[in-house]
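Structure record follows, encoded as structure tokens.
The values are calculated or read from the model by the stated rules, or taken from the named source; none is laboratory data. None of the values given here were measured: they were computed from a predicted structure. For neighbour counting, all protein chains shown are included, and Cβ atoms are generated from backbone atoms with ideal geometry for every residue, glycine included.
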Amino acid sequence: MKIYCLIASVILSFSTFSQKSYYFSDPLPSATSNIASVDKKFYGTYKSKTGTISYQFDAEGVSIISTSISSISRETIRESTVYDVRGKYIFGVFNNDSLPCVLEDEYYYFGVRNIDIFIGGRSQNILTQSATSNVYFLNVFENGNYVPIQLDFKGGKLTMNYFEYDLESTRFEFVAKQKTIDTQYQKLVVLSPTEEEFETLRTIGVFELPRVFKR
């Protein structure tokens, strides 16, 4: 049994180490320059079906709007000099403002709106535009490199197509310039595709994990 467990552990270790994570050395598409925002006709707030997360596009760039659910016990409210509940609203979470709340099982639940700058300000993420006027790329800065997300605007909808691949994929072997970095648990492969190689990447379907948002 001990020998079997040891062999299984070794196999699992080699399997994990053989897995690869892919990044890009530069923002994509490589032939385009960075831009501050999308075209004005695409400005607006695009909401997910669940309504828990939205993307706001304006002249300042791109922001992520999310709602986190918090709670405060009824006992805390009674003993607090900071919080107060009047009807269906809780006061004291923010200065000079109130939030809708719901009482359930001796706890008041309320949503807190968070806004994070995705493009603009001090963000290291980069926005670029493809040769197609309604298609952009959000290049997310990660581990010193970039992970692109394709943005398609059409008919008042935003489709975010995420970079997707199998952990043991060989579909990127045609990219001539790439660097492999060995880490303790996996291999990091940094791709530097030419313009033609990037178009090939789009053709083979590495941006086909869609999520739709409506304006």
Take ILE90 and decide whether it is of a type in the set (A, V, I, L, M, F, W, C), modelled with pLDDT of 95 or more and either over 27 Å from PRO210 (Cβ atoms) or in contact with a helix residue (DSSP H, G or I) (Cβ under 6 Å, 6 or more places away or on another chain) (or both). yes
Mind checking which residues of the range 37-57 are exposed (fewer than 13 other Cβ atoms within 10 Å of the Cβ) and modelled with pLDDT of 95 or more? LYS40, LYS41
I want to confirm something. Restricting to the range 122-147 and keeping residues that are touching a residue at least 40 places away in the same chain (Cβ under 8 Å) and in contact with an Asp or Glu (Cβ under 8 Å, 6 or more places away or on another chain), which single residue is farthest from LYS40 (Cα to Cα)? TYR146
The one condition TYR107 fails out of (1) among the hydroxyl-bearing types (Ser, Thr, Tyr); (2) at pLDDT 95 or above; (3) loosely packed, with under 13 Cβ neighbours inside 10 Å is (3)
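Can you work out which of the residues in the range 94-104 that are hydrophobic (A, V, I, L, M, F, W, C) and surrounded by 16 or more Cβ atoms within 10 Å (Cβ to Cβ) is nearest to SER71 (Cα to Cα)?
CYS101
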